[in-house]
Amino acid sequence: MIPLDEASAAVMEHCRSGSRVLLGLAGEPGAGKSTAAARLLLDADQAGVTAAVVPMDGFHLAHSVLESRAMTDVKGAPETFDAHGFVALVERIHAQRPGDPTIWAPEFRREIEDAVAGAIEVPADTQLVIVEGNYVLLDEEPWARLALLFDVAWMLTPSAERRMARLMARHESYGNDPADARRRALGPDQTNAERVRAHSQRPGVTMVDPG
């Protein structure tokens with residue numbers, strides 16, 4: 001396992017090779033993926049590297065769809081995403097070359113509990129594209145196709161205590177009281193964490209301590 005700053009420095013050096021770097025950033029719920037992605041964007045800016053983050057969360061099925069299928073209690077599980085659509089987008093990003101049209105990705109908006117189309121811009125000259133989400137290294141189809149597209153793959157591995165503290169703080173920031181925040185963290189989040197732990201691909205993956 002290597003620290004985040006060391007892993008980030010290696011990615012910036014890779015970006016200087018001239019070709020696009022597609023980085024898969026995975027981890028259990030609460031691992032710190034969004035924070036790590038933000039750190040990468042900051043480091044890229046300081047290194048003069050153009051970068052974009054494409055989160056898996058933009059491919060959540062609409063809340064109304066989950067309601068109609070009685071799946072709101074498992075929102076966040078792999079089955080509650082348009083996985084084929086997400087994989088197709090990452091394949092387009094992988095194939096994008098200088099001079100090609102800009103690719104637009106959706107973004108999940110917490111305030112409406114739904115995704116907004118065309119919210120994230122990926123110009124063809126973007127040097128580093130960070131594909132971030134719980135399941136980007138999952139060994140189940142169609143997710144398993146993603147690992148073949150990444151130039152670099154990270155799995156964030158914080159301590160269990162730190163991950164739980166992040167989850168609790170996240171749920172409380174959504175307006176849940178501490179007891180409900182803990183229930184959510186130990187319920188669906190833990191189920192999804194166990195699936196990530198048991199079914200993520202490991203060969204060639206860098207284990208990163210997010211700090």
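Every number in this text was worked out from the coordinates using simple rules, so none of it is lab data. Computed from a prediction, not measured in an experiment: that's the story for all the values here. Don't worry about glycine lacking a Cβ; one is built from the backbone with ideal geometry, like all the others, and counts go over all protein chains shown.
Odds and ends about this structure:
- Filter pass, ARG39 being farther than 28 Å from HIS171 by Cα and basic (Lys, Arg): no
- Among the residues of segment 144-171, those identified as over 23 Å from ARG110 (Cβ atoms) and crowded, with 22+ Cβ neighbours inside 10 Å are LEU146, PHE150, ALA153, TRP154, MET155.
- Single match in ARG20, ARG16 (criterion: basic (Lys, Arg), surrounded by 14 or more Cβ atoms within 10 Å (Cβ to Cβ) and over 17 Å from the mean Cα position of the chain (by Cα)): ARG20
Table: residues versus (1) of a type in the set (A, V, I, L, M); (2) within 18 Å of ARG145 (Cα to Cα).
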| site | (1), (2) |
| --- | --- |
| LEU40 | yes, no |
| ASP57 | no, yes |
| GLY76 | no, no |
| LEU89 | yes, yes |
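- Condition check for VAL49: outside any loop (DSSP other than H, G, I, E, B) and hydrophobic (A, V, I, L, M, F, W, C): no
- Within segment 188-211, tally of residues that are surrounded by 13 or more Cβ atoms within 10 Å (Cβ to Cβ) and either free of Cβ contacts under 8 Å to residues at least 12 places away in the same chain or in a helix (DSSP H, G or I) (or both): 9
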